[in-house]
Amino acid sequence: MTAIEALACLRRRVTLAIALTAAGLVLAHAASADSAPAQQPPGVAREVVFTQYAPLFSNSEILRRLLSPLALEAFRDTLVRTRKTLSPYPIDLAKESFVLYVPSGPPPSPRGFALLVFVPPQDAADLPFGWASQLDHYGIIFVAPAHAGNEAAVLSRRVPLALSAEANVIREYPIDPEHIYIGGFSGGSRVAERIALSYPDIFHGALLNAGADPVGNSRYPFPVRDLFLRFQSSSHLIYVTGARDTVNLGTDAASSQSMREWCVADVETNETPAAGHEVMTSAAFRRALDQLLNHAPHDPTRLDSCRSRIDARLQAALMQADGLISSGRSEAAHKLLLDIDS
């Protein structure tokens with residue numbers, strides 16, 4: 001048996017806990033009928049209810065994008081064995097609410113407003129203090145879901161709520177598709193990082209405030225190849241953390257380093273002087289938006305070279321797994337194949 005054949009066989013032996021956890025998260029509500037929501041006037045609107053469902057935040061698409069190939073196959077096997085059915089959507093939008101900020105002026109360009117979808121770490125959703133003036137200055141619509149804090153399930157609530165916010169805002173307002181971003185604070189920033197990685201065809205950058213982790217592992221697996229290539233070439237990541245928030249400065253460094261190792265070069269890190277673990281100030285937010293909205297195009301030659309190195313590493317790892325299998329070292333081969341999977 002070769003390493004590639006072993007990868008296929010492992011789909012039934014990947015950790016059952018992963019599959020059962022996913023099953024518990026996503027067997028939820030079917031979508032109700034939707035109708036057109038009313039457009040909000042400029043300023044802050046709270047308790048906004050959206051109605052539009054979209055395939056990008058369906059259960060099947062979320063799992064396809066956020067689970068590794070083996071974990072996805074294990075989940076599907078679990079559904080078959082338990083005779084359960086995957087519902088179309090994990091949330092009922094009629095029961096959800098959002099905070100929405102619309103700038104006071106017209107869109108900054110003929111293509112429309114920019115859009116920032118923000119994932120909070122707490123259940124209450126609100127616009128951070130001092131951000132409204134910066135959103136007005138740059139012409140950015142802000143939207144954040146309620147009841148999507150750190151205690152909420154990632155796959156069945158935090159991810160689909162953020163995606164549903166994007167889908168509904170672009171339906172109701174003129175939005176420049178090249179300036180749609182995901183962001184968050186603390187635990188919400190970590191969810192935003194996962195969404196940016198898995199939905200680079202929607203979000204062209206991420207504003208990661210005091211929360212990030214390395215990618216390319218079982219917790220942050222890469223999406224399918226075409227999406228990851230797009231993430232490498234078009235995503236712009238801005239890390240912002242307080243100078244006194246030493247824990248998250250460390251995770252920022254580990255995350256940004258892993259991004260560069262995986263050929264994501266458009267990465268910038270910022271320390272906010274004298275700040276601890278707190279949402280960025282208006283001034284820090286403005287600097288971050290400057291970086292997010294104005295960045296240089298990637299170097300295709302450098303990107304191609306980096307991708308070639310990754311492909312060579314992958315082939316070397318598969319050959320190593322082949323050798324372990326041939327020599328009967330199944331436990332070591334199993335571990336290596338799971339690493340390759342993620």
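Restricting the first residue to segment 56-77 and requiring it to be touching a residue at least 40 places away in the same chain (Cβ under 8 Å) and under 21 Å from V215 (Cβ atoms), which pairs with a second residue that is surrounded by fewer than 22 Cβ atoms within 10 Å (Cβ to Cβ) and of a type in the set (S, T, Y) meet a Cβ separation below 6 Å and a spacing of at least six or different chains?
Close Cβ pairs (under 6 Å, with a partner that is surrounded by fewer than 22 Cβ atoms within 10 Å (Cβ to Cβ) and of a type in the set (S, T, Y)) amount to S68/S342.
Inspect segment 219-227 for any residue being at negative phi, of a type outside the set (S, T, Y) and in contact with a His (Cβ under 9 Å, 6 or more places away or on another chain) and give the result as yes or no.
Looking through segment 219-227, none of the residues is at negative phi, of a type outside the set (S, T, Y) and in contact with a His (Cβ under 9 Å, 6 or more places away or on another chain).
For segment 206-217, check the following and say yes or no: at least one residue is farther than 17 Å from N270 by Cα, open to solvent by less than 10 Å² (accessible area, probe 1.4 Å) and touching a residue at least 60 places away in the same chain (Cβ under 8 Å).
No, there is no match, as no residue in segment 206-217 is farther than 17 Å from N270 by Cα, open to solvent by less than 10 Å² (accessible area, probe 1.4 Å) and touching a residue at least 60 places away in the same chain (Cβ under 8 Å).
Do we find a residue being hydrophobic (A, V, I, L, M, F, W, C) and buried (at least 21 other Cβ atoms within 10 Å of the Cβ) anywhere in segment 243-260?
Taking segment 243-260 first, the residues hydrophobic (A, V, I, L, M, F, W, C) are 243, 247, 249, 253-254, 259.
Within this subset, residues satisfying the condition of being buried (at least 21 other Cβ atoms within 10 Å of the Cβ) are 259.
Yes.
If I filter segment 100-114 for residues that are open to solvent by 30 Å² or more (accessible area, probe 1.4 Å) and assigned to a helix (DSSP H, G or I), do I get at least one hit?
no
Quick check on this structure: which one of A283, A288 is modelled with pLDDT of 95 or more, among the hydrophobic types (A, V, I, L, M, F, W, C) and open to solvent by less than 30 Å² (accessible area, probe 1.4 Å)?
Result of the check over A283, A288: A288.
Kindly establish whether E278 is open to solvent by 60 Å² or more (accessible area, probe 1.4 Å), within 28 Å of A114 (Cα to Cα) and not β-branched (V, I, T).
So E278 fits the description; yes.
Yes/no per residue for (1) surrounded by 15 or more Cβ atoms within 10 Å (Cβ to Cβ); (2) within 30 Å of I140 (Cβ to Cβ); (3) at pLDDT 90 or above:
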residue	(1), (2), (3)
L293	yes, yes, yes
A296	no, yes, no
L303	yes, yes, yes
R309	no, no, yes
M319	no, no, yes
D322	yes, no, yes
S326	no, no, yes
L336	yes, no, no
S342	yes, no, no
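Quick test for you: out of R46, R65, pick the one residue that is more than 28 Å from H334 (Cβ to Cβ) and basic (K, R).
Among R46, R65, only R46 is more than 28 Å from H334 (Cβ to Cβ) and basic (K, R).
Taking only pairs six or more apart or across chains, which ones have beta-carbon atoms under 7 Å, a first residue in segment 293-321 that is of a type outside the set (A, V, I, L, M), and a second residue that is surrounded by fewer than 11 Cβ atoms within 10 Å (Cβ to Cβ)?
Listed by first residue and then by second, the contacts come to nothing, as the list is empty.
Can you run down the residue pairs with Cβ atoms below 9 Å, 6 or more apart or on separate chains, where the first is in segment 254-271 and under 20 Å from T301 (Cα atoms) and the partner is charged (D, E, K, R) and not in a loop (DSSP other than H, G, I, E, B)?
C263/R302; C263/R307; C263/R309; A265/R302; V267/R260
Conditions tested, residue by residue: (1) within 18 Å of V44 (Cα to Cα); (2) among the acidic types (D, E); (3) under 16 Å from the mean Cα position of the chain (by Cα); (4) crowded, with 24+ Cβ neighbours inside 10 Å.
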position: A125; (1), (2), (3), (4): yes, no, no, yes
position: F129; (1), (2), (3), (4): yes, no, no, no
position: Y138; (1), (2), (3), (4): yes, no, no, no
position: A152; (1), (2), (3), (4): no, no, yes, no
position: L155; (1), (2), (3), (4): no, no, yes, no
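Select from segment 44-64 the residues that are in a helix (DSSP H, G or I) and open to solvent by 10 Å² or more (accessible area, probe 1.4 Å) and write down the one among them that is nearest to F129 (Cα to Cα).
Ranking the candidates gives L56 first.
Given the conditions (1) at pLDDT below 95; (2) of a type outside the set (S, T, Y); (3) part of a loop (DSSP other than H, G, I, E, B), and given that A71 satisfies all but one, which numbered condition is not satisfied?
Failed condition: (3).
Contact list please: Cβ distance under 7 Å, first residue in segment 125-148 and on the phi > 0 side of the Ramachandran plot, second residue of a type outside the set (D, E, K, R) and outside any loop (DSSP other than H, G, I, E, B), pairs at least six apart or on different chains.
What qualifies is G130/S282; G139/F113; G139/A114.
In segment 81-99, which residues are closer than 23 Å to P145 by Cβ, in a loop (DSSP other than H, G, I, E, B) and out of contact with any strand residue (DSSP E or B) (no Cβ under 8 Å at 6 or more places or on another chain)?
Across segment 81-99, the qualifying residues are L86, S87, P88, Y89, P90, I91, D92.
So which of I175, I170, I202 ends up being among the hydrophobic types (A, V, I, L, M, F, W, C), open to solvent by 10 Å² or more (accessible area, probe 1.4 Å) and out of contact with any helix residue (DSSP H, G or I) (no Cβ under 9 Å at 6 or more places or on another chain)?
I170
The values are calculated or read from the model by the stated rules, or taken from the named source; none is laboratory data. As the structure is a computational prediction, the values presented were derived from the model and not from experiment. We place every Cβ from the backbone using ideal geometry, glycine too, and count neighbours over all the protein chains shown. SASA here: full protein model, heavy atoms, side chains in, ligands and nucleic acids out. Shrake-Rupley method; radii C 1.70, N 1.55, O 1.52, S 1.80 Å.
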